[in-house]
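The values are calculated or read from the model by the stated rules, or taken from the named source; none is laboratory data. Quick caveat: nothing in here was measured; it's all calculated off a predicted structure. Reconstructed Cβ throughout: ideal geometry from the backbone, glycine too, with neighbour counts over all protein chains shown. Surface accessibility is based on the protein's heavy atoms, side chains included, excluding ligands, DNA and RNA. Shrake-Rupley method; radii C 1.70, N 1.55, O 1.52, S 1.80 Å.
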Amino acid sequence: MDLSDFEADNSVSCRLSSSIPDVCKTEDCCLGIDEAGRGPVLGPMVYGICFCPVSRKEDLKNLKVADSKTLTEAERENLFVKLDEAKSFVGWALQILSPNMISTSMLQRAKYNLNALSHDAAIGLVQYALDSGVQLKEVFVDTVGPAEKYQDKLSQRFPGVEVTVRPKADSLFPIVSAASICAKVARDHAVKSWKFAEDLGDVDTDYGSGYPNDPKTKSWLLKYLDPVFGYPQFVRFSWSTAQTLLDSKAVTVHWDDDEEDGEKAAARQNNTSVLSYFSRNKPSELTHTRDIHRFFTERKLKSINTL
């Protein structure tokens, strides 16, 4: 699998796709959606879709696709090659969500949680298939959150498409198993060949599975925690595992103006609060005492406090 587009800048998300089979533009198709890497504290999360004509479901099943979690890495790689070689009737697409994008989304002021990220990635991929001319008739999805609510959301978003959302869909529907394989293979490749933007020297790549409870992952997180700058972008610093280590091992930073008594705290330390620069009555030390530049006087411009 060629991830060069993502590897060129792994701090942002990236979409990869196969060519669209001609038959998928003329016949009713089914589409499966699944993800890989939802839980790990390291590396990207990858959403995948796979689609084929409804009339070719049996041919897809004959490829022996199965839930990617039940397969070895070699088996997944082999099955992905088979799916890619079946390009006369099978197509796929991936949305790779970088760990940096996941973290900044979850920690921004207007919260954007993992379920919302997942839903939007899935919707974006279905819309991509439709925009590419795929004649979608059926969509099968491995649930994120309550299955009924998610199914209603997708049905309203894509009227005319029969949507089925089920827990463990990757073990129930071959088209979802195929999507699961595509997503898992892409994540495995991305993690193995990760290019660190930070200058970390000769990086130890023995970071285990990437899951928070993996001893190797925990050891790697401790080893590469910078007390001032935190973690490289390979780490999802919005995960509680990373935040707990940062709180206990990194240098504490206190932002007085984040508190309600920011101005009082600044005064206690004989400092000027940042907020005071925006107040109506500025402190005397902020009042301009020097002459106003002639650029302003010639144009009769002056500062005002109210509109």
Review point. Give me the pairs: first residue in segment 194-212 and closer than 19 Å to residue 96 by Cβ, second residue acidic (Asp, Glu), beta-carbon distance under 8 Å, and six or more apart or on different chains, which are they?
Key: 195/7
Check your understanding: Counting just the residues of segment 119-133 that are assigned to a helix (DSSP H, G or I) and over 21 Å from the mean Cα position of the chain (by Cα), which one comes out surrounded by the most Cβ atoms within 10 Å (Cβ to Cβ)?
Key -> 130
Check your understanding: Can you find a residue in segment 134-148 that is free of Cβ contacts under 8 Å to residues at least 40 places away in the same chain, of a type in the set (S, T, N, Q) and part of a loop (DSSP other than H, G, I, E, B)?
Key -> yes
Exercise for review: Just give me the residues in segment 216-249 being among the charged types (D, E, K, R) and either part of a loop (DSSP other than H, G, I, E, B) or open to solvent by 80 Å² or more (accessible area, probe 1.4 Å) (or both), in sequence order.
Suggested key: 216, 218, 223, 236, 247, 249
Review point. Could you give every pair whose Cβ atoms fall below 6 Å, whose first residue belongs to segment 222-243 and is under 18 Å from residue 9 (Cβ atoms), and whose second residue is hydroxyl-bearing (Ser, Thr, Tyr) and part of a helix (DSSP H, G or I), counting only separations of at least 6 or pairs across chains?
Key: 236/103
Revision key, fill the gap. Taking first residues from segment 181-193 that are under 14 Å from residue 83 (Cα atoms) and second residues anywhere that are at pLDDT below 90, the pairs with Cβ under 7 Å that are 6 or more apart or on different chains are 181/65; 181/68; 184/68; 185/1; 186/1; 186/3
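Within segment 63-81, which residues are open to solvent by 80 Å² or more (accessible area, probe 1.4 Å) and either at pLDDT 90 or above or not in a loop (DSSP other than H, G, I, E, B) (or both)? Don't jump to the end; show me each part of the working.
Residues of segment 63-81 that are open to solvent by 80 Å² or more (accessible area, probe 1.4 Å), as a first pass: 64, 69-70, 75, 78.
Within segment 63-81, 69, 70, 75, 78 meet the criteria.
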Review point. Among the residues of segment 95-102, is there at least one that is more than 30 Å from residue 240 (Cβ to Cβ) and either modelled with pLDDT under 90 or out of contact with any helix residue (DSSP H, G or I) (no Cβ under 9 Å at 6 or more places or on another chain) (or both)?
Key: no
Revision key, fill the gap. Scanning segment 1-60 for residues that are part of a helix (DSSP H, G or I), open to solvent by less than 60 Å² (accessible area, probe 1.4 Å) and in contact (Cβ under 8 Å) with a residue 40 or more places away in the chain gives 6, 7, 23, 24, 54, 60
